[in-house]
Protein chains: 2
Amino acid sequence: MNFLNEVANWYPDAVSFAAGLPYEELFDVDAIDRYIRVYRRHLAAERRMSGPDIRKELFQYGRTKGTIHRLVARHLEVDEHISVDPETIIVTVGCHEAMFLVLRALRSDRHDVVFSVTPTYTGFSGVARLVDLPVRPVAGGTDGVDLDHLRAQVAAARAEGLRPRACYVMPDFANPAGSRMSVETRRRLLAVSAEEGLLLLEDNPYGLFHDGEHRPALKALDDERMVVYLGSFAKSGLPGARVGYVVADQPVAGAGSFADELAKIKGTVTVNTSPIAQAVIGGKLLEHDCSLVAANAAETEIYRRNRRLLLDGLSARFGSVPGITWNSPSGGFFVVVTLPFAVDDELLRISAREHGVIWTPMSYFYENGGTGNQIRLACSLLTPDLIESGLERLAKMIEERLTETTPNDVVDAR
Amino acid sequence: MNFLNEVANWYPDAVSFAAGLPYEELFDVDAIDRYIRVYRRHLAAERRMSGPDIRKELFQYGRTKGTIHRLVARHLEVDEHISVDPETIIVTVGCHEAMFLVLRALRSDRHDVVFSVTPTYTGFSGVARLVDLPVRPVAGGTDGVDLDHLRAQVAAARAEGLRPRACYVMPDFANPAGSRMSVETRRRLLAVSAEEGLLLLEDNPYGLFHDGEHRPALKALDDERMVVYLGSFAKSGLPGARVGYVVADQPVAGAGSFADELAKIKGTVTVNTSPIAQAVIGGKLLEHDCSLVAANAAETEIYRRNRRLLLDGLSARFGSVPGITWNSPSGGFFVVVTLPFAVDDELLRISAREHGVIWTPMSYFYENGGTGNQIRLACSLLTPDLIESGLERLAKMIEERLTETTPNDVVDAR
């Protein structure tokens, strides 16, 4: 990923299919003040707080678990039909801190191990390394998770004397694969989780942005409380607030809930999430009756349009080129393209320098790295014009590469 | 500390000398909008940013190292005569994240060890535990750090095959001791640090709030770049922003500066500090030409008044009581009172329940805990009336205890 960032810096004029950032054209800088005012009115009207109390809520050190937990719970109820006790929610400094708290809590000694569906979001792998927690891969299979492989990996770890703690999954439009689990797979995954006593860490930053078919989150089907739900407002709220959350309603003997354990770690690493940043997100939630589906109607439409433009553009250019295939996610930010030649950092550099187009090698998302023949294209940040010109440039790069490539260079798809 | 929080929750009407929080009466909730507007004008006028770029700066994911680093550098120059390259500053989620980044970076394996002057801020000890880094105590002595003991502790660790990495110090009005190092001690500490190749982690949240005599921070005297400077805006800026920083200008072979190493960890644990929260602090800095001394003129006067009221009130009540002594810090939030009887959680509970006054046992700030006969009184959050009534209650508690206490109960001061 460092190399990718360097390439992006060296060639700032290249069209970037690499950045999975939220769309910027709808940002309204005056919204910040407005959100804070809306939140202040809410504190006065609904929570009956006095002027000095409101001042204290926004300015002073705040509750470790957060201040907008009730609004987050209402959002989960409204948009995801997930019912949770607000006391089991910790509002965090983005979803990364949520992952950090959970993984640090799960790592008691060197016998603990977690699993993640591959290809895996690099941020998760990074947090696991930071807390010295080994991550073992589980194949994604055709439906987002290979349950037989998961069982086998858990059994193998147990046989080695290790303690399997959790499996990290992104059931909806995973980063980077773009895959989505069927409802049936979700239910079967939950059953495996309960049988194995293995927590599921459900990361759901993109679930909102679908083409019309909503599927229940694992947490919405979680009768056994096996799911720790990792939430982000970076895509659905406002990235600059750096506000995320975790729902950890697992009972813990003598300690309330798992959330209370996480709160102790939170109190050490960042003390509390900025109440001002929380007020910004709180105001946005309140403006839309806590529905982020409603708040993101325009964004959802833009991401749908961008995916359509990207997929149509791929069809138009590569529909009849042998060896080039891609998936067709019905939501999220990412499409994966399989190419008939090897992809590595050197090709990325050439692509940026000679052709002015940047993308992410899928090898970055596997623990072993190496080369592969897949690339991830993100379309979330781009305008229609940039998607078109980016695809033109990509087509030229691919054309040149195909001309140069001998059959020996061709590698198997992972 | 958990017990202390519980007691505070059980007896909300007790006067609390426990909370070292910033004074609240001057908080102005409308300042948040104003600070953000001031910062936006600065981006447009001084940094020549376009409307879309300003929008992006506030809303989008941001620079890992932070966005207000130049303003922080200017503040350090203006208020502390510390000159640093802004590229060696990381803006963090409060000073706690700064401590986390530094300690995590310093812990490569189980041979690493750090030192801290005792009594030690519990937050530092907590972060060290979180990253599995052992902390060994160094006596505070009469001048804030016992240099002979520091040398001896470093030598002892080396003899055990350990790798001494750093010593944590709060040279100005330390929490909890209230002690302040002389300038001569600072110079000698820097010499020891350079000789031993031991970094100094200088935490300076209270240095601003003195009675008139400014002393140079270690970092201002740091010719050998042995000091990692931990900064907080919680007391001098606005606690609710949760913005702090670290200056880490140590060169690292092949990796730029130590700050660049810290940035990699920061990018994993919280990605970046909220640019909106940074804009709030940036606006406050800009409103006062980056001088927090100027920005905190009223607060500094209030803390001075409160310390005076507290110290005068102690003299008036205990000036002639044998066995009761206290220090007289010329700045900061804390005074330490030595009592002629043992202090423990049970006495704290009685004090809160029977007398309506809460304080912090100094034993909390020693790794071994146990009982002691000292208490920490914080006066930063209190109004004059509360200081008076709190002292009245404290006097009653002490009077009752003295009546009950037999000479056998008396313990030596630590």
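The values are calculated or read from the model by the stated rules, or taken from the named source; none is laboratory data. If you're wondering where the values come from, they're calculated on a predicted model, not measured in any experiment. Glycine also receives a Cβ, built like all others from the backbone with ideal geometry; neighbour counts cover every protein chain displayed. The area values use the complete protein model at the heavy-atom level, side chains included, leaving out ligands, DNA and RNA. Shrake-Rupley method; radii C 1.70, N 1.55, O 1.52, S 1.80 Å.
Segment B:54-82 to segment A:16-81: how many Å between their Cα centroids? If you average the Cα positions of each part, the centres end up 24 Å apart. Secondary structure note: in segment A:134-289, about 45% of the DSSP beta bridges are antiparallel. Here segment A:209-279 and segment A:101-175 have alpha carbon centers that stand 18 Å from each other. Contact order, relative form, for segment B:105-183: 37 percent (alpha carbon pairs under 8 Å, 6 or more residues apart, mean separation divided by residue count). Sequentially through segment A:310-316, phi angles give Karplus couplings (6.51, -1.76, 1.60; θ = phi - 60°) of 5, 5, 5, x, 5, 4, 4 Hz, Gly and Pro residues having no value and appearing as x. For the pair B:Asp312 and B:Thr403, what calculated FRET efficiency results from E = 1/(1 + (r/R0)^6), where r is the Cβ-Cβ distance and R0 = 35 Å, to the nearest 0.05? In this case the efficiency is close to 0.90. How much FRET efficiency would the formula 1/(1 + (r/R0)^6) give for B:Asp30 and A:Ala45, where r is the Cβ-Cβ distance and R0 is 22 Å, rounded to 0.05? Step by step, r from the Cβ atoms, then E = 0.75. Pairs of Cα atoms nearer than 8 Å and 6+ residues apart set the relative contact order; for segment A:31-294 it is 29 percent. Considering only segment B:31-294, what is the antiparallel percent among its DSSP beta bridges, to the nearest 5? Among the beta bridges of segment B:31-294, antiparallel pairing accounts for roughly 35 percent. Computed over segment A:31-294, the Cα gyration tensor eigenvalues convert (square root of 5λ each) into semi-axes of 32, 20, 15 Å, ordered from largest to smallest. Counted residue by residue at 0.36 nm each, then reduced by the alpha carbon distance between them, the extension gain from A:Arg305 to A:Asp85 reaches 75.5 nm. Summing Cβ point charges (Lys, Arg +1; Asp, Glu -1) relative to the Cα centre of segment B:31-294 gives a dipole of roughly 1000 debye.
Candidates A:Phe365, B:Leu262, A:Ile90 compared by Cα position along the dipole of the protein assembly as shown: farthest toward the positive end lies A:Ile90, with charges placed on Cβ.
The Rg/Rh ratio of segment B:1-50, with both radii computed over alpha carbons and Rh defined as the Kirkwood radius, is 1.34.
Amide hydrogen proximity for A:Gly231: with H placed 1.01 Å from N in the peptide plane, the residues at 5 or more positions away or on another chain lying under 5 Å are A:Tyr245, A:Val246, A:Val247.
This model, with +1 at the C-beta of Lys and Arg and -1 at the C-beta of Asp and Glu, gives segment A:129-265 a dipole about its Cα centre of some 320 debye. For the protein assembly as shown, the spherically averaged projection of the C-alpha convex hull amounts to 35.6 nm². Projecting 7 Å from Cα along the Cα-to-Cβ direction, the label point of A:Glu400 sits 8.4 nm from its equivalents in the other copies, listed shortest first. Sorting A:Thr338, B:Thr142 by solvent-accessible area of protein heavy atoms yields B:Thr142, A:Thr338, largest first, with a 1.4 Å probe.
Dividing the helix sum by the residues of the protein assembly as shown, where each DSSP H run of 4 or more adds -39500 (n - 2.57), gives a mean residue ellipticity at 222 nm of -13000 deg cm²/dmol. GluC sites (Glu not before Pro), restricted to segment B:70-166: which are DSSP loop and have at most 14 other Cβ atoms within 10 Å? Those that pass, being in a loop and sparsely packed, are B:Glu160.
Once you have the Cα-Cα distance between A:Arg187 and A:Asn9, take 0.36 nm times their residue separation minus that, and quote the gain in nm to one decimal. This chain segment gains 59.7 nm when fully extended. Note on B:Ser236: accessible area is roughly 10 Å² with a 1.4 Å probe, heavy atoms of protein only. In summary, the lysines within cross-link reach of B:Lys219, defined as a Cα separation below 25 angstrom excluding same-chain residues under 8 places away, comprise B:Lys65, B:Lys235, B:Lys264, B:Lys266, B:Lys284.
Beta bridges from DSSP with both residues in the protein assembly as shown: antiparallel share about 50 percent, rounded to the nearest 5.
Dipole orientation for the protein assembly as shown: of the candidates A:Leu43, A:Phe115, A:Leu310, A:Leu43 has the Cα lying most toward the positive pole (charges on Cβ; Lys, Arg +1; Asp, Glu -1).
For the pair segment B:280-349 / segment A:307-374, the C-alpha centres are spaced 61 Å from each other. Simple rule: put +1 on each Lys or Arg Cβ and -1 on each Asp or Glu Cβ in chain A, find the dipole, and look at A:Leu21, A:Val78, A:Thr67; the Cα lying farthest toward the positive end is A:Thr67. For segment B:136-228, the ratio of Cα radius of gyration to the globular rule of thumb 2.2 N^0.38 Å stands at 1.06. Spherically averaged projected area of the convex hull of Cα atoms, segment B:275-414: 10.9 nm².
Residue order by solvent-accessible surface for A:Thr360, A:Thr383 is A:Thr383, A:Thr360, largest first, with ligands and nucleic acids left out and a 1.4 Å probe. Counting, for every residue in B:61-68, the Cβ atoms of other protein chains within 10 Å of its Cβ and taking the mean gives 2. Among the trypsin sites (Lys or Arg not before Pro) in segment B:284-354, none sits in a DSSP loop with a Cβ that has at most 14 other Cβ atoms within 10 Å. Against the criterion of solvent-accessible heavy-atom surface with a 1.4 angstrom probe, B:Lys56, B:Lys235, A:Lys396 sort, most first, into A:Lys396, B:Lys56, B:Lys235.
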